[in-house]
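K.L.:
One structure follows; several queries about it will come next.
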Amino acid sequence: MTNTAIDTYTFKLAEGVNEETFLTTTGAVKTFLSAQAGFVSRNLSKSEDGRWLDCITWKSMPDSLAASQVFMEEATVRPYLQSIDMSDIQIGRFETVTAEG
């Protein structure tokens, strides 16, 4: 059995980017992710202090890694990437150990 993989990205928005503008860039990310092998789901959340959490679930770690390799070069997601303060981003990659629900 292959364990699912969960990628987490926590970040704040780049200086001068407001939430409304940022949210207009997320559709391209959804389109890109949906076309990748092994994509399961994505949740984008915001904390009270203005930090964001982008959480993406994949069928396997190889699916996660393959998508990550091409994501940064994908032209359609550049506005999303440019909206993020890249000096602040924290990336986590996890394999599911147990799942409940």
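K.L.:
I need to check one value: relative contact order of the chain, counting alpha carbon pairs closer than 8 Å and at least 6 residues apart, in percent.
P.N.:
Numbers: 156 pairs, mean separation 48.7, N = 101.
Relative contact order here is 48 percent.
K.L.:
Return the calculated 222 nm mean residue ellipticity for the chain, to the nearest 500 deg cm²/dmol, obtained by summing -39500 (n - 2.57) across DSSP H runs with n ≥ 4 and dividing by the residue count.
P.N.:
Helices in the chain give a 222 nm mean residue ellipticity of -8000 deg cm²/dmol.
K.L.:
Follow-up. Can you tell me the length gained on complete extension of the stretch V17 to E95, counting 0.36 nm per residue apart and subtracting the Cα distance?
P.N.:
My answer for the length gained is 24.8 nm.
K.L.:
Compute the Cα gyration tensor for the chain, then decide on rounded, prolate or oblate, letting a ≥ b ≥ c be the square roots of its eigenvalues: rounded whenever a/c is under 1.5, prolate when a/b is larger than b/c in the other cases, and oblate in all that remain.
P.N.:
prolate
K.L.:
What list of ³J(HN,Hα) couplings, whole Hz, do you get for region 17-22 from phi and the Karplus terms 6.51, -1.76, 1.60, once you set θ to phi - 60° and write x for glycine and proline?
P.N.:
These are the phi-based 3J(HN,Hα) values: 9, 9, 4, 4, 5, 4 Hz.
K.L.:
For T10, project a label point 7 Å along Cα to C-beta. Then give me every residue of region 71-93 with its amide nitrogen under 13 Å of that point.
P.N.:
What the label zone holds, given the 13 Å backbone N cut-off, is 88-93.
K.L.:
Now for a separate question. For S47 and K59 in the same chain, what is the full-extension length gain: residue separation times 0.36 nm, less their Cα-Cα distance, in nm?
P.N.:
This chain segment gains 1.6 nm when fully extended.
Each value in this text was obtained by applying a stated rule to the coordinates, not by laboratory testing. Just so it is clear, the model here is predicted, and its values are computed rather than measured. All Cβ positions, even for glycine, are placed from backbone atoms using ideal geometry, and neighbour counts span all protein chains on display.
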